[in-house]
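*Asks:* Here it is: the structure, laid out below.
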Amino acid sequence: MCLPLICPAQFAADRMKKMPSRSTASRRSAASSVKSAASAPALDSQIAEIDALFTHAGLRRSRREKAAGVRSRARYQDKTPEDLRPAPAQTVRAANGVEWVPVPGWEKISWLWHGFSTRRSGVSTAYTGSGGAGELNLGFTADNAWENVLRNRELLAEAVTGSARAPIVTLKQIHSSVVVLADSASITPGCKGDGLMTDRPGVLLGVQTADCIPVLVADRRRKAVAAFHAGWRGTVKRIVESGIGRMRLEFGSRPEDLVAAIGPGNGPCCYAVGEEVLSEFTSQFAYAPEVFHEVYDSDSVKQKYPMLFLTQRAPGHSPIGPSLHLDLFEANRRQLLDAGLKAGNINVVGGCTSCQPELFFSHRASHGRAGRMLNVIGIRG
Ligand SMILES: [Zn+2]
């Protein structure tokens, strides 16, 4: 049988019109309580007032006694966004003003250049709004003049290596598991892939991100480096695991000699995904349940009255809980472990691009109109 969709709030309001026993003023008061409680958490007295209103309107049975959720997903970990928020990334400011994220401890590897960029400083104004300071967009996006992006890339190279002329090699990224050997200072224009590796000094390998996860790897013994771009599709295709395999083949790298850093990206606090992502991961990884979380909104009114906030969006895309969140930091850390790296040699630098839109470009937080960070690694020339 097909039942019409009825908004409980509207139903309650309609019922209230027919009930003379409660004054218009008190109904107004209750309605305004819903509004203010929705923006202020844990207001038990206001919830009690809403309970009373619903009882009065004959809707008591519509109230959930426990949090909304799909019980078949109970094996995934229940969290709130606050539980999952990573520590903020620690930035440094170069002499030319560029603010970037170094990997703690990697300054001791004297032959290594590396850095995760932020959006701060630079000459782009495409994403700042009117009157904003210049930003460090490092991707050749449609909104930004090429000469500004080229200048920004020089600024990043200068911040990381001391020379604005250090060449940066990048790929046309396609969310694949393709890893390209960069055996010269430039590669074929338009070359596609999501991983770069080299043992050639004087070249920076770069992967672009604006929510996806950048992973940098260095072989301390063989002096070789690699950079990987891991969104959810690339992670499912094991870009990092297969990339380490390519390093072993190409350079004779041993996993115990490798150090790796997982850079800023869309954190598990914010990265809501649909069921199709869950099924892709479940089909590929035995540990899939450990990298997904059921995330509940911390707003108590939304928790108790989910029907008031009902939407017809697909699972994982609704603003109220529970939604399914993917931890791509952990998923890629697991791939590094599976490739044989020691846990102590893997550094997750922290920082969520969605939570910190003032520091990072975020495709999701900017609704698709964002600049790009460039995450680089190289061997000192
Ligand atoms: Zn976040």
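*Asks:* Applying the selection to the stretch 282-294, what residues are in contact with a helix residue (DSSP H, G or I) (Cβ under 9 Å, 6 or more places away or on another chain) and more than 15 Å from the ligand (Cβ to nearest atom)? Can you show your working first?
*Replies:* Taking the stretch 282-294 first, the residues in contact with a helix residue (DSSP H, G or I) (Cβ under 9 Å, 6 or more places away or on another chain) are 282-285, 287-294.
Across the stretch 282-294, the qualifying residues are THR282, SER283, GLN284, PHE285, TYR287, ALA288, PRO289, GLU290, VAL291, PHE292, GLU294.
*Asks:* Could you check the stretch 263-281 and list, in sequence order, the residues that are of a type in the set (Ser, Thr, Tyr) and more than 10 Å from the ligand (Cβ to nearest atom)? Write out each step before concluding.
*Replies:* Here is the first cut: in the stretch 263-281, the ones of a type in the set (Ser, Thr, Tyr) are 271, 279.
Once the filter is applied, which keeps residues that are of a type in the set (Ser, Thr, Tyr) and more than 10 Å from the ligand (Cβ to nearest atom), the stretch 263-281 yields only SER279.
*Asks:* On the basis of being modelled with pLDDT under 95 and not hydrophobic (A, V, I, L, M, F, W, C), does ARG151 make the cut?
*Replies:* no
*Asks:* When residues of the stretch 140-165 are filtered for being assigned to a helix (DSSP H, G or I), under 12 Å from GLY122 (Cβ atoms) and touching a strand residue (DSSP E or B) at 6+ places or on another chain (Cβ under 8 Å), how many remain?
*Replies:* Count: 8.
*Asks:* Of everything in the stretch 346-381 that's in a strand (DSSP E or B) and aliphatic (A, V, I, L, M), which residue is farthest from the ligand (Cβ to nearest atom)? Before the answer, list the steps.
*Replies:* Taking the stretch 346-381 first, the residues in a strand (DSSP E or B) are 346-348, 352, 373-379.
If we keep only those that are aliphatic (A, V, I, L, M) too, we end up with 346, 348, 373-374, 376-377, 379.
Details: ILE346: 21, VAL348: 14, MET373: 16, LEU374: 21, VAL376: 24, ILE377: 25, ILE379: 33 Å.
In this case the residue turns out to be ILE379.
*Asks:* I'd like to check something: does the stretch 318-331 contain any residue that is more than 15 Å from the ligand (Cβ to nearest atom) and modelled with pLDDT of 95 or more?
*Replies:* Yes.
*Asks:* Given the residues ALA166, ALA142, ALA182, which is the only one that is buried (at least 18 other Cβ atoms within 10 Å of the Cβ) and more than 25 Å from ARG248 (Cβ to Cβ)?
*Replies:* On inspection, the qualifying residue turns out to be ALA166.
*Asks:* Another question, then. Just checking, which of ALA126, ALA87 is within 16 Å of the ligand (Cβ to nearest atom), at pLDDT below 95, small (Gly, Ala, Ser) and under 21 Å from THR353 (Cβ atoms)?
*Replies:* The match here is ALA87.
*Asks:* Can you tell me which of (1) within 16 Å of the ligand (Cβ to nearest atom); (2) in contact with a helix residue (DSSP H, G or I) (Cβ under 9 Å, 6 or more places away or on another chain); (3) more than 30 Å from GLU294 (Cβ to Cβ) is the one LEU138 doesn't meet?
*Replies:* LEU138 satisfies every listed condition except (1).
The values are calculated or read from the model by the stated rules, or taken from the named source; none is laboratory data. Predicted model only: the values in this text are computed from it and were never measured. For neighbour counting, all protein chains shown are included, and Cβ atoms are generated from backbone atoms with ideal geometry for every residue, glycine included.
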